[in-house]
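The values are calculated or read from the model by the stated rules, or taken from the named source; none is laboratory data. The structure displayed is predicted, hence computed values, not measured ones. Methodologically, a virtual Cβ is constructed for each residue, glycine included, from the backbone with ideal geometry; neighbour enumeration extends over all protein chains shown. Quick note on the areas: whole protein, heavy atoms, side chains included, nothing else; ligands and nucleic acids left out. Shrake-Rupley method; radii C 1.70, N 1.55, O 1.52, S 1.80 Å.
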There are 2 protein chains.
Amino acid sequence: MTTTPPYQFGPRESKKVIEEDLVFAPKFDEHGLIAAMAVDAHTDEALMLAYMNEESLRMTLEKGQAVYWSRSRNQLWHKGETSGEFQEIVEIRTDCDQDALILRVIQHGGGCCHTKRNNCFYRKVVAPKQGGLVKLAMVE
Amino acid sequence: MTTTPPYQFGPRESKKVIEEDLVFAPKFDEHGLIAAMAVDAHTDEALMLAYMNEESLRMTLEKGQAVYWSRSRNQLWHKGETSGEFQEIVEIRTDCDQDALILRVIQHGGGCCHTKRNNCFYRKVVAPKQGGLVKLAMVE
């Protein structure tokens with residue numbers, strides 16, 4: 001029986017290598033996390049922002065589905081495992097300093113957000129010109 | 001002489017209020033930061049991901065331009081102040097639990113990224129099916 005060898009990431013060498021070369025060397029913060037924004041692969045619509053640790057990023061690559069690290073539950077979170085609302089990975093991009101990810105996904109099931117909406121960003125900030133209490137409004 | 005009163009944010013009360021009501025009650029992490037993804041207001045193209053503290057979020061609302069908190073330099077970062085590559089705010093959205101922001105912006109100057117590219121997400125992850133070293137490729 002053979003097992004798939006785990007995915008390995010590169011070392012974070014010089015700024016030039018990190019920014020311009022083709023070595024994947026993600027930077028995890030002091031909690032071992034990296035921010036990951038999921039967007040619709042076809043429309044670029046932003047769906048949700050969550051975090052991954054090294055293990056969940058490896059699992060995401062292995063499964064081809066988004067696996068996050070839940071900061072509130074402090075555990076791995078294979079999105080959709082119970083709800084069916086999983087995210088099929090089309091492409092993962094990283095940024096110049098490799099401390100953020102974009103997951104370009106196909107969202108399966110009823111929608112991305114646990115509130116049953118298509119995405120989590122369903123409200124916009126309304127700041128009165130004269131200052132004071134900032135409110136929200138629903139995005140139409 | 002009159003001064004603009006500062007912007008105030010709401011209290012984080014129940015989960016229901018945070019998720020469904022129209023009170024803007026952003027959640028800053030233990031370092032006082034909230035993640036903010038800047039996207040092109042017209043095309044939804046993801047430009048960059050950075051962080052804001054409470055002061056920089058207030059300044060963003062006041063100026064109508066993105067002001068971040070630089071985690072590497074540990075200081076306020078009014079993007080474009082020296083380079084001219086500032087980000088004019090069209091709309092700010094927040095997510096269900098209000099611990100992330102999307103800035104829908106008009107990017108001025110030569111481009112968003114300090115590498116002189118339009119956006120920071122110019123490379124995609126290439127993971128070999130059989131496991132092993134994960135690489136990057138340029139997004140065409």
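Below is a table of values for the structure above.
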{"item": "Net charge contributed by nearby residues that have their C-beta within less than 11 Å of residue B:92 (K/R +1, D/E -1)", "result": "+3"}
{"item": "Cα gyration tensor category, rounded, prolate or oblate, for the range A:48-105 with a/c compared to 1.5", "result": "oblate"}
{"item": "Which of A:55, A:140, A:30 is most accessible, then next, and so on - probe 1.4 Å", "result": "A:140, A:30, A:55"}
{"item": "Long-range amide H partners of residue B:78 with built H, under 5 Å", "result": "B:68"}
{"item": "Cα-centre dipole for the protein assembly as shown with unit charges at Cβ (Lys and Arg positive, Asp and Glu negative), debye to 20", "result": "100"}
{"item": "Closest approach to the axis - chain B beta-carbon, rotation onto A, Å", "result": "B:44, 2"}
{"item": "Residue-averaged beta-carbon neighbours from other chains (10 angstrom radius) around B:30-41", "result": "2"}
{"item": "Label spacing, shortest first and in nm, from residue A:8 to its equivalents in the remaining copies (7 angstrom along Cα→Cβ)", "result": "5.8"}
{"item": "Dipole magnitude of the range B:24-138, debye to nearest 20 (Cβ charges: Lys/Arg +1, Asp/Glu -1, about Cα centre)", "result": "700"}
{"item": "Computed [θ] at 222 nm, helices only, for chain A once each DSSP H run of length n ≥ 4 contributes -39500 (n - 2.57)", "result": "-3000 deg cm²/dmol"}
{"item": "Residue A:42 - accessible surface, heavy atoms, 1.4 Å probe, Å² rounded to 10", "result": "150"}
{"item": "Residue mean of other protein chain beta carbons inside 10 Å, A:95-106", "result": "5"}
{"item": "Potential lengthening between residue B:74 and residue B:22 on full extension [0.36 nm per residue; Cα-Cα distance subtracted]", "result": "15.5 nm"}
{"item": "Area accessible to solvent at residue B:76, 1.4 Å probe radius, in Å²", "result": "60"}
{"item": "Spatial separation of Cα centroids for the range B:45-94 and the range A:74-88, in angstrom", "result": "32"}
{"item": "Values of log10 I(q)/I(0), in the order q = 0.07, 0.09, 0.14 Å⁻¹, for the protein assembly as shown under a Debye, Cα-only, solvent-free model", "result": "-0.25, -0.42, -1.03"}
{"item": "The range A:33-74: C-alpha gyration tensor shape, a/c 1.5 cut-off, then a/b vs b/c", "result": "oblate"}
{"item": "Straight-distance crosslink candidates among lysines, where the alpha carbon sits under 18 Å from residue B:27 and sequence neighbours closer than 8 are dropped", "result": "A:124, A:135, B:15, B:16"}
{"item": "Around residue B:140: net Lys/Arg minus Asp/Glu count, Cβ-Cβ under 15 Å", "result": "+3"}
{"item": "Taking the range A:1-78 and dividing mean pair separation by its residue count, relative contact order in percent (alpha carbons under 8 Å, at least six apart)", "result": "19"}
{"item": "Cα long-axis angle, helix B:54-63 against chain B (0 to 90 degrees, to the nearest 10)", "result": "80"}
{"item": "Shape call, chain A: gyration tensor on alpha carbons, a/c limit 1.5", "result": "oblate"}
